[in-house]
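Just so you know, all these numbers are worked out from the coordinates, no wet-lab data involved. Just so it is clear, the model here is predicted, and its values are computed rather than measured. Note that we place each Cβ from the backbone using ideal geometry, even for glycine, and neighbour counts take in every protein chain shown.
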Amino acid sequence: MKYILSESWGKDSLALLLRLIEEKRPLDYVVFFDTGMEYQSIYHNMEKARKLISDYGAELVVIKPDNNWLFDMLIRPVKYKSKEGEHYGYEWCGGRCRWRTSDKIKLIQKFLDSIDDEYTQYLGIAADEPDRIKYENGKVYPLVDWNMTEKDCLEYCYNKGWNWLEGNVELYSILDRVSCWCCGNKNLSELRNMYHNLPEYWGYLKGLQSRIDRPFYCDKTIFDLEDRFKLEDAQMSIFDYIQ
């Protein structure tokens, strides 16, 4: 029997890794699907954990898609489903068009299928995410067994000396989830916080939007959102002056 942890280096799966090691649970592989568009703190935590995983006797496996993100997003010829012809690139990844998520599922399963043994797959889903739990194909959910909520996982990681710093900004103080920086599932509050606190990544989003026709959030492009946030800031400044 082999034991595999699916790792994203977010708070839940990192808490799972740390506690599995703390409790001396069996672990053979730690598998990370690298989209190529992660925050730098994600890669930092992966490298920080590399020796910890090796010393425990497990192997860190980094899986990458066949094509890089920008090729699939902007260049890849894609046939229309509803009419003849093709366009170029899948554009934003998120909502109903989660094309990189599909790659992730497929390539991780390909790795699992390559294991010449039975396996148990540890998944870092917290106790307060019951809708995401599916007991099938050797999947187990230790965080649920330990009754660790998302909040518990974040506090556990902090207490163990881990963080998600981008400069002096802690990502979990401004984002609900530390997913890809260009993830189309970000909500308005997260996007507002990115605009104010992560100007480098916000600039990257503008660069992508300049090459993509489809709006990023509802019917708003990144440029529309920036105009909105600037107006909000101006209105707040006027209010402060009146006060």
Rounded to the nearest 5, the percent of DSSP beta bridges in the chain running antiparallel is 30 percent
Counting each DSSP H run of 4 or more residues in the chain as -39500 (n - 2.57), what helix-only mean residue ellipticity at 222 nm follows after dividing by all residues, to the nearest 500 deg cm²/dmol? -13000 deg cm²/dmol
Answer in debye to the nearest 20: the dipole magnitude of the chain about its Cα centre, from +1 Lys/Arg and -1 Asp/Glu charges placed on Cβ, is 500 debye
Placing one equal point scatterer on each C-alpha of segment 1-124 and summing with Debye, one gets log10 I(q)/I(0) at q = 0.15 Å⁻¹ equal to -0.76
Counting only trypsin sites (Lys or Arg not before Pro) that are in a DSSP loop and have at most 15 other C-beta atoms within 10 Å, tell me the longest site-free stretch of the chain. 25-80
For the chain, whose charge dipole is built from +1 on Lys and Arg Cβ atoms and -1 on Asp and Glu Cβ atoms, the candidate among V30, M148, L171 with its Cα farthest towards the positive end is V30
Less than 27 Å apart at the alpha-carbon level, and either on another chain or at least 8 residues along: which lysines does that give for K230? K186, K206, K220
Check cross-link reach from K24 to the aspartates and glutamates: straight Cα distance under 13 Å, and skip same-chain residues fewer than eight apart. D55
With a cut-off of 20 Å, note down the residues of segment 15-34 whose backbone N falls inside the zone around a label point 7 Å from the Cα of E59 toward its beta carbon. 17, 21, 25-34
Placing each pseudo-label 7 Å from Cα in the direction of the beta carbon, E170 and D227 end up separated by a distance in nanometres of 3.7 nm
Quick check: from the Cα gyration tensor, does the chain come out rounded (a/c under 1.5), prolate or oblate? oblate
Put in order of increasing Cβ neighbours within 10 Å, starting from the fewest, T35, T221 give T221, T35
